[in-house]
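Input: a single structure, listed below in structure tokens.
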Amino acid sequence: MNTFTLKNNVLHAENVALTQITENFGSPCYVYSKAALSQAFERFSAGFKDANHLVCFAVKSNPSLAILNLFAKLGAGFDIVSGGELARVIAAGGDPKKVVFSGVGKTAEEMRAALEAGIFCFNVESASELIRLNDVAAYMGKIAPVSLRVNPNVDAKTHPYISTGLKNNKFGVAYEDALDIYLQAAEMSNIAIHGVDCHIGSQITELSPFLDAFDRVLALVDALAENNIQIQHIDLGGGIGICYSDETPPEFTAYAKAMREKLGNRDVKLVFEPGRALVGNAGVLLTKVEYLKPTESKNFAIVDAAMNDLMRPALYDAYHDIQAVAPRNEAAVNYEIVGPVCESGDFLGHDRNLALQEGDLLAIMSAGAYGMSMSSNYNTRPRAAEVMVDGDQCHLIKKRELIADLFANESTVPNS
Ligand SMILES: *Cc1c(COP(=O)(O)O)cnc(C)c1O
């Protein structure tokens, strides 16, 4: 779908000119397309139509209330990794009964909140967590529904920081230990075994790692059945990649077909936790060129967005396409697109050929996932505004932070 397209030589989100958005709401500014978000969710779900399934949007990829609310209305569940995300889902009108709770460090307080809310399932990541969850549930007189997150030890062939399914990382329980821990869980008074879970990483652009992981999960499900533990759902996590430049991630339909084929006629619900694939290409970050700074070796375009607004380039050396919002019919120059933050790692793009003047507006593409959600106030920079476009309407869904708010919770130490 062409969500962000040039019309009359100005980049639009649906029917709204991006220049209009910064005029109204300032820069930098995140912009999302409601149609692109809805279509991504609908397309992902379509592959599992008339199959017993639940799509749990991974909240950490973009926790905006407006986005959670939109997905909730479309029937989504949610994958959360903290008590804060649970509160957001509830505030956004999400259904706690469709929430799965992942994460290696759940506190007792977070467990209580999730049990109170009546979530769908805890994705338990260690034997110790299981013991704590059983204790917390017993104290509350509740039964905790669980899956064990198993680490299938498959190589997701993605960036090491976002690969989670190999033995040497902190996530899940070792595949070899899983059966044993399930047998322990089966003995616990306040634990109910509901599923098996895995999540092998993010920005995965091939089908094979998903299939390999699913094979291992199915072998475990069979071993559990031999031990009289019947599984009601299999959670295959998230991780489907998107196209940032020239990647060719699996199509949703191909992914769904492969997963359904592998499942065969087993009577279990399939749960998925996509994040990036639903929001990544539905958002852009708008930023204004403050200065053009030619130097002996490089031409810098210094823009008003920085690594605190979009961390992925600095953190993973990630590539984001950068487009002029109103392209000039002039000779392009090779630019380093950098922010004002005092770090040499503060870049948004290297080697970009663009025709620019100071004051021009740029769109950092594919910024809908892990953009705003990983932003910070580094350098005491207020976080950007967020806008959702719906046809020819635009809605401010998050106000730009005020500088005074950034230190409102701080105080100096009195003299004594
Ligand atoms: C981050 C995460 C996801 C979402 O990953 P995407 O690559 O954005 O789809 C899903 N499940 C778990 C447990 C995660 O940590």
Starting from segment 2-16, take each residue that is in contact (Cβ under 8 Å) with a residue 24 or more places away in the chain and list its partners that are surrounded by fewer than 16 Cβ atoms within 10 Å (Cβ to Cβ) and part of a strand (DSSP E or B), counting only C-beta distances under 7 angstrom and pairs at least six apart or across chains.
none
So which strands (runs of 3 or more DSSP E) are wholly in segment 201-312 and hold at least 1 residues that are more than 16 Å from the ligand (Cβ to nearest atom), of a type outside the set (S, T, N, Q) and in contact (Cβ under 8 Å) with a residue 24 or more places away in the chain?
269-272, 283-294, 299-303
Among what's in segment 373-416 and is touching a residue at least 40 places away in the same chain (Cβ under 8 Å) and among the acidic types (Asp, Glu), pick the residue that is nearest to the ligand (Cβ to nearest atom).
Glu386
Count of residues meeting criterion [without any contact (Cβ under 8 Å) to a residue 60 or more places away in the chain, in a helix (DSSP H, G or I), within 16 Å of the ligand (Cβ to nearest atom) and over 14 Å from the mean Cα position of the chain (by Cα)] in segment 23-78
1
For segment 206-251, which positions are open to solvent by 40 Å² or more (accessible area, probe 1.4 Å), touching a Pro at 6+ places or on another chain (Cβ under 9 Å) and within 30 Å of Ala363 (Cβ to Cβ)?
Glu206, Cys243
Selection count where residues are surrounded by fewer than 24 Cβ atoms within 10 Å (Cβ to Cβ) and farther than 13 Å from Pro313 by Cβ, scope segment 362-371
1
Taking segment 75-114 and keeping residues surrounded by fewer than 16 Cβ atoms within 10 Å (Cβ to Cβ) and on the phi > 0 side of the Ramachandran plot leaves Gly75, Gly93
So how many residues does segment 13-39 have that are within 26 Å of Gly241 (Cβ to Cβ) and surrounded by fewer than 24 Cβ atoms within 10 Å (Cβ to Cβ)?
6
Val136 at pLDDT 95 or above, among the β-branched types (Val, Ile, Thr), surrounded by 16 or more Cβ atoms within 10 Å (Cβ to Cβ) and over 17 Å from the mean Cα position of the chain (by Cα):
yes
Check Lys170 against each of (1) open to solvent by 30 Å² or more (accessible area, probe 1.4 Å); (2) modelled with pLDDT under 95; (3) within 16 Å of the ligand (Cβ to nearest atom); (4) in contact with a helix residue (DSSP H, G or I) (Cβ under 9 Å, 6 or more places away or on another chain) and name the one condition it does not meet.
(4)
Step by step: first the residues of segment 320-338, then only those that are more than 29 Å from the chain's Cα centre (by Cα) and not in a strand (DSSP E or B), then the one that is nearest to His350 (Cα to Cα). Which residue is that?
Ala332
Give the residues of segment 286-344 that are of a type in the set (A, V, I, L, M) and open to solvent by 70 Å² or more (accessible area, probe 1.4 Å), sorted by residue number.
Ala331
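Residue-by-condition table, conditions (1) out of contact with any helix residue (DSSP H, G or I) (no Cβ under 7 Å at 6 or more places or on another chain); (2) not hydroxyl-bearing (Ser, Thr, Tyr):
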| site | (1), (2) |
| --- | --- |
| Ser27 | yes, no |
| Val31 | no, yes |
| Gln39 | yes, yes |
| Phe44 | no, yes |
| Asn52 | yes, yes |
| Val55 | no, yes |
| Lys60 | no, yes |
| Ala66 | yes, yes |
| Asn69 | yes, yes |
For Tyr370, state whether it is on the phi > 0 side of the Ramachandran plot and in contact (Cβ under 8 Å) with a residue 24 or more places away in the chain.
yes
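The values are calculated or read from the model by the stated rules, or taken from the named source; none is laboratory data. Owing to the predicted nature of the structure, the values given are computational and were not obtained by experimental measurement. So basically every Cβ, Gly included, is an ideal-geometry build from the backbone, and we count neighbours across all protein chains shown. The protein model used for the area step is the full one, side chains on, heavy atoms only, and it has no ligands, DNA or RNA in it. Shrake-Rupley method; radii C 1.70, N 1.55, O 1.52, S 1.80 Å.
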